[in-house]
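Read the structure below first, then the notes.
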Amino acid sequence: MKIFVDTNVYLDLIANRPEFVEGARLLCMAASFDDLELWISTQSVTDADYILRGPGVRDQARRAMASSLRLFRLCGTHALDCEKALTDGWPDVEDCLIAHSAKRIGADAIVTRDIKGFERSSIPAYSPTQLMELLRTEHGLEYESISW
């Protein structure tokens, strides 16, 4: 299953956000068993670097991002994606860019904590918890998280 991961879920993993990191870790666990193919936008990497730029945080975040590239495939943003995102009338250009990128790579789903932001997407959007439940019920796959 090819999954496009929204920036907010990627940041949960990289920043180790206590209230959200478990779902992101379970996605990585599934990917490590080749049950999921995880994709992120190259823009998610630059956004994470910008957001996590505080003293003593940036170096740790960059190490985590570099390490994450063993599990995440990168999708660059194309000019046509940007044009569509600026003219499609979505409230959030970034969400529209993610949806267009997901469609371009043939993603089966988008994983996000902002389901509402993807209501106009032709690719279904799930929270990490919802996707893990889908894997369990439809594919018999269940994972336990490990500390990183």
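Here are some notes:
- Those residues of the stretch 98-123 which are open to solvent by 40 Å² or more (accessible area, probe 1.4 Å), under 17 Å from the mean Cα position of the chain (by Cα) and farther than 19 Å from residue 26 by Cα, in sequence order: 103, 104, 106, 116, 119, 122
- Residue 44 vs. criteria of a type in the set (Gly, Ala, Ser), within 22 Å of residue 131 (Cβ to Cβ), modelled with pLDDT of 95 or more and more than 11 Å from the chain's Cα centre (by Cα): no
- Selection of helices (runs of 4 or more DSSP H) fully inside the stretch 43-136 by the criterion of at least 1 residues being within 18 Å of residue 10 (Cα to Cα) returns 58-68, 93-105.
- Residue match in the stretch 13-22 (condition: open to solvent by 20 Å² or more (accessible area, probe 1.4 Å), over 14 Å from the mean Cα position of the chain (by Cα) and farther than 25 Å from residue 143 by Cβ): no
- Total residues in the stretch 30-50 satisfying the condition of being open to solvent by less than 90 Å² (accessible area, probe 1.4 Å) and either of a type in the set (Val, Ile, Thr) or under 17 Å from residue 2 (Cβ atoms) (or both): the figure is 14.
- Meets criteria (of a type in the set (S, T, N, Q) and modelled with pLDDT of 95 or more) for residue 8: yes
- Screening residue 35 against (1) without any contact (Cβ under 8 Å) to a residue 40 or more places away in the chain; (2) acidic (Asp, Glu); (3) part of a loop (DSSP other than H, G, I, E, B) leaves a single unmet condition, (1).
The values are calculated or read from the model by the stated rules, or taken from the named source; none is laboratory data. The model shown is predicted, which means the values in this text are computed figures rather than measured ones. When we count neighbours, we look across all protein chains shown, and the Cβ atoms used for this are built from the backbone with ideal geometry, even at glycine. With ligands, DNA and RNA removed, areas are computed over all heavy atoms of the protein, side chains included. Shrake-Rupley method; radii C 1.70, N 1.55, O 1.52, S 1.80 Å.
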